[in-house]
Every structure is written in C-alpha cells, then in structure tokens.
1. Considering only region 142-176, state which residues are of a type in the set (K, R) and touching a strand residue (DSSP E or B) at 6+ places or on another chain (Cβ under 8 Å).
2. Within region 118-175, count every residue that is closer than 15 Å to G105 by Cα and either among the hydrophobic types (A, V, I, L, M, F, W, C) or buried (at least 16 other Cβ atoms within 10 Å of the Cβ) (or both).
3. Do you know which of the residues in region 49-70 that are crowded, with 18+ Cβ neighbours inside 10 Å and among the charged types (D, E, K, R) is nearest to S107 (Cα to Cα)?
4. For the condition of a type in the set (A, V, I, L, M), farther than 20 Å from A23 by Cβ, crowded, with 21+ Cβ neighbours inside 10 Å and touching a Lys or Arg at 6+ places or on another chain (Cβ under 7 Å), what is the one hit in A110, A91?
5. Just give me the residues in region 21-42 being under 18 Å from L102 (Cα atoms), among the hydrophobic types (A, V, I, L, M, F, W, C), surrounded by fewer than 23 Cβ atoms within 10 Å (Cβ to Cβ) and touching a residue at least 40 places away in the same chain (Cβ under 8 Å), in sequence order.
6. Of all residues being under 16 Å from the mean Cα position of the chain (by Cα) and of a type in the set (F, W, Y) in region 57-99, which is modelled with the highest pLDDT? Just the residue, please.
Amino acid sequence: MGAHADPPGVNLPDAEAALAALAERMRAGVAHDAAFVGIYSGGAWLAERLASLVPGNHAVGYIDVSFYRDDYAKKGLKAGARRSELPFDVAGASIVLIDDVLYTGRSTRAAINELFDYGRPAAIELAVLVDRGGRELPIEPTYTGVRVACARALSIVLSRAADGALALGVEPAGAP
C-alpha cells in the first residue's frame, strides 16, 4: 500500500504496539468461543493475528462489505472485492467484528447487515486497531487499540509487510 510518512499534525502509533494493546484489552472480555470476523483487508489480517493472541477457541472468518456499502450505487465496486468466508454458523454465535480503522461507521454498519444475511448472531462486539473519531453513525467499538486524530482530507491505512509485520500510514482520502 502507499503508506507515507506522517504529515504535520498526525502522530501515528506503531501498529504492532497498537495490536498488542488491542489484544490485551480483549483478553479480559472476549468470550472463549467468540468467532473473529475480519473486514477485508486490514481487519482480516488483524483477525488472524488476534485469534492467536487472545485466549480461547476462536473460529476466524472474513467479510467483504463492498456490496453492502450505502455508497455502492454512487461509487461502484472497489477493485479487489473478495468473497466473504464465514466457516461457522453465524446464527446464535458470539462474534467479534474486527476492522483496522473506524471512522464514519459505515463499513461497520455494512458488515453487520451482511452478517445478518447469514443468520442472527447472539451478540456482535466491535474491535478496531485505530479509532479516528468522526462518526456519522452511532457506532462505538467495544475494544480499541489506539485513538488517533486525523484531518478529514487524510485516510489512515494499515499495510502488511511480506513477513506479516503491520504498519500504519496516511494517504490522501479517496486514494486507491
């Protein structure tokens, strides 16, 4: 991804440290059998890592919200859309929905809508690596790695190196 150096006024934390903080917060509260569902792509990377960092037996699934976004008709399908994979029964499950950056809440809303198409979960919690504020919908995370202030004109992006190491960067909002 095109992550760049921190622009003036944006101080990004270390992504690996934020992941460790998120896992620590989740350890005390996440159900032993909760399924972890990562929103592609950054949330999927985080779900895989968190499943090994948070004690319990956590099935891992992935969800692509491209077709469920409320701006789909206006913006069309993003390149790289993937198939959602939920290798467990959603009905009655305790689910931790995982995303890299929470901003407006629209991706979270889309993910919840898609989950309900698979069945009615017993509960859905939300875990995010970065909460940047600026919500347009009444959605708040249950677990947060870090909170970061960032100008509306910028997007916070999570990238993953070949060795699996995570890094945070910024780019102009709307960049591919």
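The values are calculated or read from the model by the stated rules, or taken from the named source; none is laboratory data. Model, not experiment: these values are computed from the prediction. Cβ placement follows ideal geometry from the backbone for every residue including glycine, while neighbour counts extend to all protein chains displayed.
1. R147, R160 - these are the residues of region 142-176 that are of a type in the set (K, R) and touching a strand residue (DSSP E or B) at 6+ places or on another chain (Cβ under 8 Å).
2. 17
3. Only one residue tops the list, namely R69.
4. Answer to the check: A110.
5. Within region 21-42, the subset under 18 Å from L102 (Cα atoms) is 21-23, 25-26, 36-42.
In the following step, the residues that additionally are among the hydrophobic types (A, V, I, L, M, F, W, C) were identified as 21-23, 26, 36-37, 39.
Within this subset, residues satisfying the condition of being surrounded by fewer than 23 Cβ atoms within 10 Å (Cβ to Cβ) are 21, 23.
Selection gives A21 alone.
6. Residue satisfying both the conditions and the ranking: Y62.
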